[in-house]
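Report on the following structure.
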Amino acid sequence: MDTTNKITIGIVEDEMVIARTIEHTLDELGYAHCGPACTYGEAMELLEEEKPDLLLLDINLAGKKDGIDVAEKIRQLYQMPFIFLTANSDMATIERAKKVRPDAYIVKPFNKEELFAAIEIAINNFSTATTSLEQPSPPRDYVFLKEGLSFQKVYYRDILFLQSDNNYTLVHTDKNKLMIRSSFTDFLESLPQSMFLRVHRGWAVGIAHIDTIETEELTVNKHRIPVSKAYREELYQRMGL
């Protein structure tokens, strides 16, 4: 199928029967599509690798994190609209969903016309809001990290590597080392996946800062970082080795 100039819709849905139905409907409506993703992790990979124009996002996903967790990352890291698809219309779910400002909210089951209307309105409103800004804000390239009683601005490009320390994470830059109260995995997931790579259960590195790579370790700014077998293949792939 030729997808040139077509709007690409990402699908995040953990029920394969529903996901295939959505794919078929999108084909009928003339949209391109990618996915489906079934979990939070797969959804983040889809966003990073496929870069869809809009995301159809089921609130209930396999695993601990759900579609609302995905939506929070979209608001933090991506400039794109998303539509919640859910079988839950209870007040508690709606209140959680409202906090991440979805561009539409569709309750299952829905038909082709309802899906088409939601997609077109969401894309139109998002495009209008984006182009109406005289000075659009560029994508955020930094994070504020709490150190003592204050917050320190740290640019992603300056982070050399991350190190797990029980319930804390050590953030190493070329100037200092910050200890933040956040689990290693949660903090790593909050960073741009294109800039950072996990190389060990408790270590991740800024890809641009890698100096040398050996079988069981690499160096970043003269720091020796362990590389475990579980992450070695991905490291080689990302570095083109």
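All of the numbers you see were taken from the coordinates with simple rules; none came from a lab. This structure is a prediction, so every number in the text was calculated from the model and none was measured. Note: ideal-geometry Cβ built from the backbone for every residue, glycine included; neighbour counts use all protein chains shown.
General observations
- The range 62-128 shape via C-alpha gyration tensor axes, a/c threshold 1.5: oblate
- Using R0 = 35 Å, the C-beta based FRET efficiency linking N60 and Y168 works out to 0.65.
- All aspartates and glutamates inside 12 Å of K99 as judged from Cα atoms, apart from same-chain residues fewer than 8 positions distant: D69, E72
- Beta bridges from DSSP with both residues in the chain: antiparallel share about 65 percent, rounded to the nearest 5.
- Estimated FRET transfer efficiency (Q193, N124; beta-carbon r; R0 25 Å; 0.05): 0.30
- Estimated inter-spin distance, F144 and Y105, nm [label 7 Å along Cα→Cβ]: 2.8
- Calculated [θ] (222 nm, deg cm²/dmol) that DSSP helices of n ≥ 4 give over the chain, each run adding -39,500 (n - 2.57): -10500 deg cm²/dmol
- Prolate/oblate/rounded label for the range 8-131 (Cα gyration tensor, a/c 1.5): rounded
- Label selected from (i) 59, 42, 37; (ii) 47, 38, 33; (iii) 47, 45, 37, the criterion being Cα extents along the principal axes in Å as computed here: (i)
- Based on Cα contacts under 8 Å between residues 6+ apart, the chain shows a relative contact order of 10 percent.
- Fewest-first ranking of D14, D174, using other Cβ atoms within 10 Å as the exposure measure: D174, D14
- Label separation (R20 vs L241): 4.1 nm, computed from points 7 Å beyond Cα along the C-beta direction.
- Residues S89, S228, ranked from the fewest to the most other C-beta atoms within 10 Å, line up as S89, S228.
- For I7, nonlocal amide neighbours, meaning residues 5 or more places apart or on other chains whose placed amide H falls under 5 Å from its own, are A32.
- Along the chain, the longest continuous region that contains none of the trypsin sites (Lys or Arg not before Pro) in a DSSP loop with at most 15 other C-beta atoms within 10 Å is 65-139.
- Ranked L47, L178, criterion: other C-beta atoms within 10 Å, fewest first: L178, L47
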